[in-house]
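Report on the following structure.
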Amino acid sequence: PYQVVKRERNSRVWERTVYEPAPGGKTFPRKQSYTELRDFLNYRDESGQWQETSPNFEITAEGCAVARQAQHQVIISPSLLDSNGVVDLQLPDGKGRLRSAVLGLVLCDVQTTRTLQVAAVKACTGTQTAPNEITFSDAFDGLRASIRFRNESGAFHQDILLAEKLTPQQLSR
């Protein structure tokens, strides 16, 4: 079987040894290899070694969701109303850091630049709904909707999942 013999940020080399017949009934070893290329394939661990990327979260004793096995690292607070922000994302360079919080759902008319806050977030706790996904269900006052954070090897997503259509009353506040 093939084994990984070398890793870099966006590649890994797979290699195996096969034994081919030679004259006189003997065999000789011959190496076969190929290089797999993919963005964000590996990340550097604490010791500086390249390891295979995994976008999955682990839940800490404090309830935070942490994804640390990718080129970017993410911490999601267990509470949607965390005063320090819900998402703490360290950029792949290890120097830049982004913190964000969800305050509500706002619609914007790009023609007039008029905005309308449809709903504000409320206190709720996130749950792990997939290995790489944290969802805050029923996250808004006055609107049935959830917030889902999804981590991937080279991307991070925040989705608003509407469980109902917006009504004219919600749009005329």
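Listed values, structure above:
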| read-out | value |
| --- | --- |
| Packing-based order for 143-152, 33-42, using average beta carbon neighbours within 10 Å, highest first | 143-152, 33-42 |
| Net charge dipole size for the chain [Lys, Arg +1 and Asp, Glu -1 on Cβ; Debye, nearest 20] | 480 debye |
| Over region 68-173: Kirkwood hydrodynamic radius from C-alpha pairwise inverse distances, Å | 15.1 Å |
| Within the accessible area of region 5-60 (1.4 Å probe), percent carbon and sulfur | 47 percent |
| Kirkwood Rh (inverse of mean 1/r, distinct Cα pairs), region 1-90, angstrom | 16.3 Å |
| Long-range amide H partners of Gly104 with built H, under 5 Å | Val121 |
| Set of lysines with alpha-carbon distance to Lys6 below 29 Å, sequence-local pairs under 8 removed | Lys31, Lys95 |
| Accessible area of the chain divided out per residue, in Å², using a probe of 1.4 angstrom | 63 Å² |
| Contact order relative to length of the chain, as percent, for alpha carbon pairs under 8 angstrom and 6 or more apart | 13 percent |
| Ordering of 108-118, 50-60, 154-164 by packing [mean C-beta count within 10 Å, highest first] | 50-60, 154-164, 108-118 |
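The values are calculated or read from the model by the stated rules, or taken from the named source; none is laboratory data. All values derive from a computational prediction rather than experimental measurement. Ideal geometry is used to build each Cβ from the backbone, glycine not excepted, and the neighbour counts take in all protein chains shown. Quick note on the areas: whole protein, heavy atoms, side chains included, nothing else; ligands and nucleic acids left out. Shrake-Rupley method; radii C 1.70, N 1.55, O 1.52, S 1.80 Å.
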